[in-house]
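Report on the following structure.
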Amino acid sequence: MFTVKLSGPLRAVRSISFGPCVSHPSALSRCSVDQRGGAGAPGVHSRTASLLSARRLAVTGGRRAFVVSAAAVVNMAPPGVQPYLRLMRMDKPIGTWLLYLPCAWSIGLAAAPGCLPPLDMLTLFGAGAVLMRGAGCTINDMWDRDFDRKVSRTASRPIAAGDVSQLQALVFLGGQLSLGLGVLLCLNYYSIALGAASLSLVLLYPLMKRVTYWPQLFLGLAFNWGALLGWSAVAGSCDWSVCLPLYFSGVMWTLIYDTVYAHQDKEDDVKIGVKSTALMFRERTKPWLTGFAAAMVAGLGVAGVNGEQTLPYYLTLACVAAHLGHQIYALDIHRPEACWNTFVSNRNLGLLLFLGIVTGNLWKERRETLLQDEELQTS
């Protein structure tokens, strides 16, 4: 979500009337009741409601602001396109962030001392994260269509709701994987082979919830592959002394946030026979999460030492540990809304760690300069 504040001459927009729907903030919700349109004029109602939703006026500090969310942008797309955007979860970008951030960590750690992470690689992996997260969600929904119809939170997903057929989803999946392959082919041969090796995990993950209480572990193995791939894309191959601890930490991170996420659906999961760590841990969830958090921080510490990271990285790592501690302490596993809020807060944790990696890498140049000055003075 981003906000554009209006000030100066643009404040005159206040005097423009958008009609009864925006004469009062509470009216906005009434204007977006039927996103697919009613019997009268479906195209007009849908687009108008979406436009108003995308341009909600929020009063901040006495100024008006336009607030645009990912869901509102999806609602503004042509009606025929919207089901496919929802199928790849473009209206809920948190999953894309959680897939992308381990890639960004790895790219940042692999950057040359004193240098920023290569922007072209960050951009390329960003595009890959959108495509592969979309492909993963499509595969998941194709496998889970019968389960999704029985769970209130997922019953409106495009395949479960009948907005997209299995054949249409398969064709769409082929398109996403083809574009993802195009991104992968932009990398070196080592990274192409390494990236292709992750496809089996992407395909198998949706099946794991049927056979084991640890599907979150398999999700972590798939979702954090970028911790290996990012380094190899920059350096040409993996430095396993850094990449493996980073990958391990990412898997522990996924076990934390996806266990929290799974607590939203635990009652429905019991009814339909789906397994998860949330169902296995139950009231012992917090001790388990604490163990995962400790392992994650330890792994990041090892990656930092082996990657010759500097003071800013370790200060940030302390903040990451505090963030995890607060998540676990404040978590109420019996309130779905609280679980969701804790889950999405992990984007900020991941961005914080990325900032620490970047600043720690920039600090390396200063440290090396100081060492060189000391050597000159002693000589």
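The values are calculated or read from the model by the stated rules, or taken from the named source; none is laboratory data. All values derive from a computational prediction rather than experimental measurement. Methodologically, a virtual Cβ is constructed for each residue, glycine included, from the backbone with ideal geometry; neighbour enumeration extends over all protein chains shown. Remember, those area values only see protein heavy atoms, side chains included, never the ligands or the DNA or RNA. Shrake-Rupley method; radii C 1.70, N 1.55, O 1.52, S 1.80 Å.
Taking the range 276-305 as the range and being surrounded by fewer than 17 Cβ atoms within 10 Å (Cβ to Cβ), within 19 Å of residue 357 (Cβ to Cβ) and not hydrophobic (A, V, I, L, M, F, W, C) as the test, no residue passes. So for the range 84-93 (the condition being in a helix (DSSP H, G or I) and surrounded by fewer than 23 Cβ atoms within 10 Å (Cβ to Cβ)), does at least one residue qualify? Taking every residue of the range 84-93 in turn, at least one turns out to be in a helix (DSSP H, G or I) and surrounded by fewer than 23 Cβ atoms within 10 Å (Cβ to Cβ). When residue 44 is tested against the conditions (1) part of a helix (DSSP H, G or I); (2) at pLDDT 90 or above; (3) open to solvent by 20 Å² or more (accessible area, probe 1.4 Å), the lone failure is (2). Which ones in the range 223-258 are within 27 Å of residue 275 (Cβ to Cβ), open to solvent by less than 20 Å² (accessible area, probe 1.4 Å), part of a helix (DSSP H, G or I) and touching a residue at least 40 places away in the same chain (Cβ under 8 Å)? Within the range 223-258, 226, 227, 249, 250, 253, 254, 256, 257, 258 meet the criteria. The criterion of at least 3 residues that are closer than 21 Å to residue 215 by Cβ and in contact with a helix residue (DSSP H, G or I) (Cβ under 8 Å, 6 or more places away or on another chain) is met by the following helices (runs of 4 or more DSSP H) wholly inside the range 280-368: 285-306, 336-344. Screening the range 156-171 for residues that are within 17 Å of residue 90 (Cα to Cα) and in a loop (DSSP other than H, G, I, E, B) and picking the one that is least open to solvent (accessible area, probe 1.4 Å) gives 164. Picking from residues in the range 142-155 that are open to solvent by less than 60 Å² (accessible area, probe 1.4 Å) and not in a loop (DSSP other than H, G, I, E, B), the one that is modelled with the highest pLDDT is 142.
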